[in-house]
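Q: I'd like to ask some things about the structure below.
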Amino acid sequence: ARLGGDEFVVLLDNPANHAQVAAIAEKMLEALKADIAFGGHTLHVGGSIGISEYPQDGESASEILANADRAMYQAKA
């Protein structure tokens, strides 16, 4: 889902473990690395991902999103 601007949320229903979540995030980042040809130019896109999991990172949707946001800013740093 698009939250706004350049922020998106991906929900995984019952992932097997944290390693599976991390592997999916890595695949998403790898897919973003593909160059995009546009108007005679080559565009390079990247991203940062913050991961939070229920229930260890929050009991409510707002807590989980806030923790994912913090994790994303740590990833950017």
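The values are calculated or read from the model by the stated rules, or taken from the named source; none is laboratory data. No experiment lies behind these values; they were computed from the predicted model shown. Cβ atoms come from the backbone with ideal geometry, glycine included; neighbour counts cover every protein chain shown. Heads up: the accessible areas ignore ligands, DNA and RNA and are worked out on the full protein's heavy atoms, side chains in. Shrake-Rupley method; radii C 1.70, N 1.55, O 1.52, S 1.80 Å.
Q: Any chance you could look up the accessible area of MET72 with a 1.4 Å probe, heavy atoms only, rounded to 10 Å²?
A: 30 Å²
Q: Still on this model: Ordering TYR54, TYR73 by accessible area with a probe of 1.4 Å, largest first, what comes out?
A: Details: TYR54 145, TYR73 120 Å².
Of TYR54, TYR73, the descending order of accessible area is TYR54, TYR73.
Q: Give me the extension gain from LEU32 to MET72: residue separation times 0.36 nm, minus the current Cα-Cα distance, reported in nm with one decimal. Write down the numbers at each step before the final one.
A: Numbers: separation 40, 0.36 × 40 = 14.40 nm, distance 1.58 nm.
Difference between extended and current length: 12.8 nm.
Q: Between region 3-41 and region 44-75, what is the separation of their alpha carbon centroids in Å?
A: 13 Å
Q: For helix 61-76, what angle does its Cα long axis make with the longest principal axis of the chain, in degrees from 0 to 90 and rounded to 10?
A: 50 degrees
Q: Taking the Cβ of TYR73 as the centre, find all other residues whose Cβ is under 15 Å away and add up their charges (Lys, Arg: +1; Asp, Glu: -1). Before the final figure, lay out each step's value.
A: Details: positive: ARG70, LYS76; negative: ASP6, GLU7, ASP57, ASP69.
After counting each charged neighbour, the total is -2.
Q: I've got another one for you. Where does helix 18-32 land angle-wise versus the long Cα axis of the chain, in degrees 0 to 90, nearest 10?
A: The answer is roughly 20 degrees.
Q: Suppose every K and R has +1 on its Cβ and every D and E has -1 on its Cβ; what is the size of the dipole of the chain about the Cα centre, in Debye to the nearest 20? List each step's numbers first, then the result.
A: On the way: 5 positive and 11 negative charges, 54 e Å.
Roughly 260 debye, rounded to the nearest 20.
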